[in-house]
Amino acid sequence: MIADALLDFYRDADLKAALTTSKVVDLKQDHPNLGSCVPPFYVILKVKDTSGDGTVTFNLQDSADNSAFATVTSVAVAGKDLVDTAIPVPVKHRRYLKLVTAVTGTVAGTLQRAVLNNVYDLPRTVGVEGYDQVKTID
């Protein structure tokens, strides 16, 4: 996955408490509707060493003016079940996007990366940057 740093929501964030960030992705259009693209866009979550009996709720929020945000989609996952995942971006959303979390109970682990991307490629490791050599059968 090739990802632009401007599309990052989080890098190396601790999941034990709620994450609220000032990091907002500006899509530069009033009605971008990335969810209708082919391939569609996702918020790709890369996690590490997750555990706990609590729940993490990931809320993708949008805004027209970068001040009043509203949740457009939510995904709640138990800490012990949290693995790398992709949250689909809804077809309709506004110009600014941000990701916030809510934590209930006890959760441990690291959100290594949360990035907006149109590549659903979860087996890849976080450390991969740039172009990869394609494996051949030769």
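The figures follow:
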quantity	calculated
Full-stretch length increase - T57, K28 - with 0.36 nm per residue and alpha-carbon distance subtracted	7.7 nm
Trypsin sites (Lys or Arg not before Pro) within region 15-82, DSSP loop, no more than 16 other Cβ atoms inside 10 Å	K16, K23, K28
Which listed pairs, of K16/K92; K28/K48; K16/K80, have C-alpha distances above 24 Å, in listed order	K16/K92; K28/K48
Over region 46-88, relative contact order from alpha-carbon pairs under 8 Å, at least 6 apart, %	49
D81 - accessible surface, heavy atoms, 1.4 Å probe, Å² rounded to 10	90
Simple spin-label estimate for A64 and K92 in nanometres, 7 Å along Cα-Cβ	1.2
Extension gain from D81 to L7, taking 0.36 nm per residue of separation minus the Cα-Cα distance	24.1 nm
Nonlocal amide H pairs with N118, under 5 Å, H built at 1.01 Å	Y42
Spacing of the two label points (7 Å from each Cα toward its C-beta) at S74 and K16, in nm	2.5
Residues T104 and S36, FRET efficiency given R0 of 35 Å [Cβ-Cβ distance, rounded to 0.05]	0.60
Cα gyration tensor, region 1-113 - rounded (a/c under 1.5), prolate or oblate	prolate
Accessible-area value, F41, 1.4 Å probe, nucleic acids and ligands omitted, Å²	40
Note, ³J(HN,Hα) from phi for region 37-44, Karplus 6.51, -1.76, 1.60, rounded to Hz, x at Gly and Pro	6, 10, x, x, 8, 9, 9, 8
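The values are calculated or read from the model by the stated rules, or taken from the named source; none is laboratory data. These numbers were taken from a predicted model, which means no experiment stands behind them. Because the Cβ atoms are built from the backbone with ideal geometry, glycine has one as well, and the counts that use them run over all protein chains shown. Surface accessibility is based on the protein's heavy atoms, side chains included, excluding ligands, DNA and RNA. Shrake-Rupley method; radii C 1.70, N 1.55, O 1.52, S 1.80 Å.
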